[in-house]
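The values are calculated or read from the model by the stated rules, or taken from the named source; none is laboratory data. Predicted model only: the values in this text are computed from it and were never measured. Don't worry about glycine lacking a Cβ; one is built from the backbone with ideal geometry, like all the others, and counts go over all protein chains shown. Ligands, DNA and RNA are excluded from the accessible area calculation, which covers all protein heavy atoms including side chains. Shrake-Rupley method; radii C 1.70, N 1.55, O 1.52, S 1.80 Å.
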Amino acid sequence: MNRLEGCVTHEPALSNPYALQNQAAIPCESGQHPPPSADRTATPAISIRGLTKRYGALTALNDLNLEIHRGEIFGFLGLNGAGKTTAIRLLLDLLRPTSGQAFIFGYNCWAEGLDARARIGYLPGELGLYLDLTGLETLDFLAGLNRQPLDKGHRQSLCDRLELSGNDLRRRLRQYSTGMKRKLGIIQAFQAKPPLLILDEPTEGLDPLMQESFYGLLAEVKRGGATVFMSSHVLSEVERVCDRIALLRKGEMVLLSSVQESRRLAPRRVRVSFSEDVNAPPELPPGYQLTEQTPRLWRLAVAGPLGPLLARLAGLPVKDMDIDEARLEDVVRRYYRGTDDPEQPLTPALSPSEGAREKPPQPWG
């Protein structure tokens, strides 16, 4: 409880790990700080207004406007160099913007940086660790930088979940593998039960079993009311865990959508096979494209309802029909490649999966 100009104001209680959550989001006026008397429990988890970062002639981030609702898992997508990490570093006051404003639960990220960061659990894309410390010493050191009491039972449950044993925690970090360091990074981000988690490529370096454990952890904190803002190259991961996505391209946001609605921005792929030879289909309705045709096989890209296709198939010797719903990969390909061709692969920097090492849409720009 703080006194300000003779009035008593109550800060959100962080002893309850998710006390800042489950409140209706009330957007702040664009480019304005919420007044001191504003109810901070009613503001968005993250509010970004006109955020721009330039390095001389290079624009790393250009006029980003975005609000992250409380209690959602938000996916921040883009190729390497798109501006994702720049935006995250600006939110954490590791960089200062050229112009624009950003708020965490109503706290200005720069003028009130300590208050803002006290509500964040952060996992960087590349961990900078003191290699002579043990894992446990590292967790204790980072917990000491947070102004909130640590629940060691909760931290132990995180270690158990990610299979980082007591013996592992007693080892020095120079003996850790890449995967062990990533587990430690996840634990330190979650250990204080922050109401906001900012995660930069969180599953990089984790094996498939640990990725599953991590997804379960995300689902658990979401049920508890926490907000997650995560960047990722792994489209299947984002499609699985995120509620909404933003897509950055060359420092600008080109798509803001729910994951479910984003799939409507790319066509479905339909494969029709026949038991006998058939002629080429007559003129197709708007939204239909024939991508392959043989006497016994049609492949089509369909944007819209399938009723007109079924009407044209009536009376033909149809043997089978497969329908592949549009995937997030198709949407990203459309915005980056300018094509819906499923055979044209994305760059490895934004891949559908990592198996080889995995409100209506608002177009922007």
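Filtering segment 229-249 down to residues that are more than 24 Å from Phe105 (Cβ to Cβ) and among the basic types (Lys, Arg), which residue is most open to solvent (accessible area, probe 1.4 Å)? Among those residues, the one meeting the criterion is Arg240.
Quick check on Asp160: is it of a type outside the set (Ser, Thr, Tyr), modelled with pLDDT of 95 or more and either outside any strand (DSSP E or B) or open to solvent by 70 Å² or more (accessible area, probe 1.4 Å) (or both)? In short, yes. Per this entry, Ala266 is counted among residues that are crowded, with 22+ Cβ neighbours inside 10 Å and within 23 Å of Ile323 (Cβ to Cβ). All conditions but one from (1) over 30 Å from Gly75 (Cα atoms); (2) in a helix (DSSP H, G or I); (3) of a type in the set (A, V, I, L, M, F, W, C) apply to Val331; the one that does not is (1). Looking across segment 203-250, the residues that are closer than 21 Å to Glu329 by Cβ and of a type in the set (Gly, Ala, Ser) come down to Ser231, Ser232, Ser236, Ala246. Note on segment 217-243: among residues that are among the β-branched types (Val, Ile, Thr) and not in a strand (DSSP E or B), the one that is modelled with the highest pLDDT is Val221. Taking the criterion of being open to solvent by 60 Å² or more (accessible area, probe 1.4 Å) and either at pLDDT below 95 or of a type in the set (Asp, Glu) (or both), the residues of segment 131-143 that qualify are Leu131, Asp132, Glu137, Asp140, Phe141. Of everything listed in (1) open to solvent by 10 Å² or more (accessible area, probe 1.4 Å); (2) modelled with pLDDT of 50 or more; (3) aliphatic (A, V, I, L, M); (4) not in a loop (DSSP other than H, G, I, E, B), the single unmet condition for Val8 is (2). Given (1) farther than 21 Å from His69 by Cα; (2) surrounded by fewer than 18 Cβ atoms within 10 Å (Cβ to Cβ), where does Glu252 come up short, assuming only one miss? Among (1) farther than 21 Å from His69 by Cα; (2) surrounded by fewer than 18 Cβ atoms within 10 Å (Cβ to Cβ), the lone unmet condition for Glu252 is (1). Screening segment 170-216 for residues that are of a type in the set (Gly, Ala, Ser) and assigned to a helix (DSSP H, G or I) and picking the one that is nearest to Pro44 (Cα to Cα) gives Ala189. For segment 60-82, which residues satisfy the criterion of being in contact with a strand residue (DSSP E or B) (Cβ under 9 Å, 6 or more places away or on another chain), open to solvent by 10 Å² or more (accessible area, probe 1.4 Å) and in a loop (DSSP other than H, G, I, E, B)? Residues satisfying the conditions are His69, Arg70, Gly71, Glu72, Leu79, Gly81. When restricted to residues that are more than 17 Å from the chain's Cα centre (by Cα) and either among the small types (Gly, Ala, Ser) or under 29 Å from Arg240 (Cα atoms) (or both), segment 49-91 contains 9. Candidates are the residues of segment 196-228 that are under 12 Å from the mean Cα position of the chain (by Cα) and aliphatic (A, V, I, L, M); the one that is surrounded by the fewest Cβ atoms within 10 Å (Cβ to Cβ) is Leu218. Do you know which residues across segment 95-130 are assigned to a loop (DSSP other than H, G, I, E, B), hydrophobic (A, V, I, L, M, F, W, C) and open to solvent by less than 50 Å² (accessible area, probe 1.4 Å)? If the condition is that a residue be assigned to a loop (DSSP other than H, G, I, E, B), hydrophobic (A, V, I, L, M, F, W, C) and open to solvent by less than 50 Å² (accessible area, probe 1.4 Å), then Leu95, Phe105, Cys109, Trp110, Ala118, Leu129 are the ones that fit.
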